[in-house]
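Note sheet for the following structure.
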Amino acid sequence: MVAARSLRPILAAALIGLAGLITPVRADEKIVWKSDRTSSPETVAELKGLQEQVKKIVQQVSPSTVGLIVEFPADDSGPAESGAGSGVIVSEDGLVLTAAHVICKEPEGGRARQSYRRRVAREIKVVLSDGTLVDAKGLGVNRVDGGMLRITGKPPKTASWPGAKDGKWPVAKIGDSDSLKEGQWVVSLGHPGGPRKDRPPAVRVGRYITYIKSETAIRTDCTLVGGDSGGPLFDLNGNVVGIHSRIGLFLTNNMHVPAAIFQEQWDRLVRGEVIGQRVIVETGFTLNEDAATLKSIVEEGPAAKAGLEEGDLILKWNGEKVKKVEDLAAMLTGFEPNEVVPVEIKRDGQTMTLKLTLAKKPTKK
Amino acid sequence: MKRLPAQFLAAALGVFLAAGASSAQTSTDNGKRRLPKLFAEAVASATESTVRVQVANKDVALGTVVSPDGYILTKGSELRGDISCVFRDGSAYDARYLGYHRPSDLALLKVDAEALKPVTFAEPKAGIIGNWVAATGITSEPVAVGVISAAARKLYGEQSFIDNTNKGYLGIILGDIADGDGVLVREVSKDAPASKANMKAKDVILELAGKAVKGRDNMIELMENYRPGDTITVKIRRGDEELELKIKLGSKADLNKDPKNIDRSEIQNAMGGALSGRRTGFPMVIQHDTVLKPTDCGGPLVDLDGKVLGINIARAGRVESWTIPGDVVLPILKDLKAGKYPLGKKD
C-alpha cells in the first residue's frame, strides 16, 4: 500500500518529463533571447536566439558609436601628445559620453601638477561610423573616469540617419546599469587600437560579472584594450549601461563606468563641471544670483589683488564666454591653487581683462 | 591579495592606477566555458578536416586539410624542423614542407594519405558581424568560441607591416642607406646583443649569416628566420674596413629594459595571454573575439551552421583573433600547390 502511493508522484514526474520530450520542437523554431536572462544558452537554438539579439542591437547602435582623436597641449610633464579613444552619442544635439582620461590627459605617476583645465584636450575630433571627422568640445568630467563632450560640427551631407538633414545626430539610449545582474549578456563596441580604416567599431560579447563598489565600476568579461576607452557597453535592449574605462591583468577584468553615474551628474557634466575635486580654490569673490556680476570682494583676497571690484560683470572666464551665471559655477571648477586665470569684465561701460591668481580655500574648522 | 594595477584604455595613453580590481573567479566563467559543447554539431564536419601540427612532437599549430590526397595548410611562421600532423582519430603522419606564402603566413604541407576529408570554404556573405564562430581542433569541441567583431578587411598602417616578434633581436635601430646595398646601424642600444659583440652606430650591415642584406625590409625578413639564443655572423663595413661579428641574439623582452622601447599598447595587448609572434601584415582578415592560443592557429573557423569562413592565422591582441577569409585562401593555395612559393625563395 505504502509502496503504491509513493510510486504515484514518481510516475507523475516521469509522465511530465516524457510529455516534455514528446512535445515536438520544430527544428527551425526560433528562440527569442530575453535581454535580462542571466543563464548561458542551453541549446543551439538558444545560441542562435542570442546571436540574433546581438546582431539586431549592433545594427541599431553602430551609428551612434564613435571614435575620438584628441590632441593634448604641451605642459610641464612633457611635449604635446595625441591619443585615441571611443565614445557614444546620447543626444540629438550632439552630447557624447566618453571616459574622462580620453579628453583629459592623466598625469604620469599620480598627482597632477596641472589642473584639469590645463590638461584637457585642445582639439577633439569625433570619428563617425563612415569615417568622417567632426569637431567636438570637451565638457565635464568626474573622478570615476566619466567624461562628456559636445559635437560642435554638423552632420556630413552624405549622412543618412534619421534627422541628419536637420542637424540631428544618431542617438543611443541610456539604460539602467543598477539593474544589471550577474551573468546578464552584454555587448561592447569600441575602437581597440584607435579608429581604423575599413573597420567599424569592433563588437565583443560577454557577460556582466559584478559591480565593484570601491572602484565605482562595472566589471564584465567583454575584452577591452587601449582605444576602447569611452566606448559603450550595451545591454541586449541596445541601451548604454556602461562606458569603457580600464582593464586588469586577466581577460575577465574589464571595467566600465556605470551609466547611472552619468544620469546622476548629467546637468553638471553638460555645464562643464569638473566633479569631485579634492582641492577647492578660492576666487575671493561672490556672485549675484540674477547676473554674472560680483556681489562682494574678500578684502586682500585673490579677486581684490587682481583689481576686481563689486559690480563688475564677468564677460569671459578663462577665455570662455559666460552666458548665464548658473554656468559660471561649473566653469569655476577644475582649477588648482596658484593658477592664473584671465577674467574679462565690463565696468562702467569699459571692457578689460584682469589676471586672477587663485588661492587654496582655507579649510573651516 | 596583491592589488594589480589597472590600465586605462586610451590608445597611446596608458596609466597605471594605484588600485586594481579583484580577480576572483565567479560563476559566470563556468557559464561561458560550457558554450563550446553547444558547438559540437557545428564543428563536427570541419573537425574531421583539422589536424594538429607538431614539430618534434610538440604542438606548434593546427592545420586545415585542403585536398583528399593530403595537402594541408597551416600557419607557417613557427615551423622549423621535422613536421608531423595528427588527425582526429589519432593517426600521425610525417609532413613535407612544400611552400610558404609570407604575406598570409600560410604554409603548404603534404602528408602521404588518401581519402581525407578536405574543407569547403563557404561563399563570403554580408552581415556576419555578431555571429557566433568556433575555431576547430581535433577533439569534438572547438578550441575557442566567440563572435565576429569585424568583417573581412584589408589592413593599413602599422598592422600592414610584416614582422615577427618571436624573432631573435640584435638590439639596434636600423636606418636606410642612401646609395648601395646594406642597412645602416643608426643606434646600438645599451647592453644590447649587438653591443656585446662590439657593433657600433654608423656600421653598415652587408651580410647576415652569409646572405646579402639589400635594405631594411630585407633585413627584417632575414631576421625572422632566427630565434633568441641563435648565434649569427654579421658582416659589417666600418669606415674602410669589413668586419665579421658573431652575435648571440636576444629576445624582445630583453629589449624592453630600455624605456624607449616600451609601447603601452603592446603592454595592454599582452595582458591576458600570449599573442602570435607573427600577427601583422596579412592581406585580409576577419576579426573575432575568440581567445585563440597562438599554438591553436592554422585550423578552420566555422559558424553555427558549420560553414567554414577561413583559416585562423593569429592571436593578434587582447581583444582579437584573426582569420584569413576562405576566398583569399583559395588563390594562395593554388599558387602554393603550383610551386610559386618554394621554401627559401624571397618574394
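Counting only strands (runs of 3 or more DSSP E) that sit completely within segment B:65-119, those holding 1 or more residues that are touching a residue at least 40 places away in the same chain (Cβ under 8 Å), touching a strand residue (DSSP E or B) at 6+ places or on another chain (Cβ under 9 Å) and surrounded by 20 or more Cβ atoms within 10 Å (Cβ to Cβ) correspond to B:71-75, B:92-101, B:106-111.
Screening the candidates A:Asp176, A:Asp145 for the property of being among the charged types (D, E, K, R) and within 14 Å of another protein chain (Cβ to nearest Cβ) yields one hit, A:Asp145. In segment A:179-199, the qualifying residues are those that are buried (at least 24 other Cβ atoms within 10 Å of the Cβ) and in contact with a helix residue (DSSP H, G or I) (Cβ under 7 Å, 6 or more places away or on another chain), and the one that is nearest to the other protein chains (Cβ to nearest Cβ) is A:Gly193.
No other residue among B:Ile129, B:Ile162, B:Ile138 is more than 30 Å from A:Lys197 (Cα to Cα) and either without any contact (Cβ under 8 Å) to a residue 40 or more places away in the chain or not in a strand (DSSP E or B) (or both) apart from B:Ile138.
Evaluating A:Trp161 against the criteria (1) among the hydrophobic types (A, V, I, L, M, F, W, C); (2) part of a loop (DSSP other than H, G, I, E, B); (3) touching a Gly at 6+ places or on another chain (Cβ under 9 Å) leaves one unmet condition, (3). None of A:Ala159, A:Ala202 is among the aliphatic types (A, V, I, L, M) and more than 8 Å from chain B (Cβ to nearest Cβ) except A:Ala159. Just give me the residues in segment A:320-343 being without any contact (Cβ under 8 Å) to a residue 24 or more places away in the chain, more than 12 Å from A:Ala292 (Cα to Cα) and not acidic (Asp, Glu), in sequence order. Within segment A:320-343, A:Asn338, A:Val340 meet the criteria. If you go through segment B:220-237 and keep only what is of a type in the set (A, V, I, L, M, F, W, C) and surrounded by fewer than 18 Cβ atoms within 10 Å (Cβ to Cβ), you end up with just B:Ile220. Summed over segment A:227-255, the residues that are over 19 Å from A:Gly193 (Cβ atoms), β-branched (Val, Ile, Thr) and modelled with pLDDT under 95 give a count of 1.
For segment B:47-64, state whether one or more residues are in a helix (DSSP H, G or I), in contact with a strand residue (DSSP E or B) (Cβ under 9 Å, 6 or more places away or on another chain) and assigned by TED's automatic domain parsing to the domain that holds B:Gly137. Yes, segment B:47-64 contains a residue that is in a helix (DSSP H, G or I), in contact with a strand residue (DSSP E or B) (Cβ under 9 Å, 6 or more places away or on another chain) and assigned by TED's automatic domain parsing to the domain that holds B:Gly137.
Of all residues in segment A:218-240, exactly one satisfies the criterion of being within 7 Å of chain B (Cβ to nearest Cβ) and assigned to a strand (DSSP E or B), namely A:Arg219.
Considering the conditions (1) assigned to a loop (DSSP other than H, G, I, E, B); (2) modelled with pLDDT of 95 or more, A:Arg278 is excluded by exactly one of them, (2).
Of the strands (runs of 3 or more DSSP E) entirely within segment B:264-342, those holding at least 1 residues that are touching a residue at least 40 places away in the same chain (Cβ under 8 Å), on the phi < 0 side of the Ramachandran plot and of a type in the set (Asp, Glu) occupy B:300-303. If you take the residues of segment B:30-43 that are at pLDDT below 60 and surrounded by 15 or more Cβ atoms within 10 Å (Cβ to Cβ), which of them is farthest from the other protein chains (Cβ to nearest Cβ)? Here the answer is B:Lys32.
The values are calculated or read from the model by the stated rules, or taken from the named source; none is laboratory data. What you are looking at is a predicted structure, and each value in this text was computed from that prediction instead of being measured. Glycine also receives a Cβ, built like all others from the backbone with ideal geometry; neighbour counts cover every protein chain displayed.
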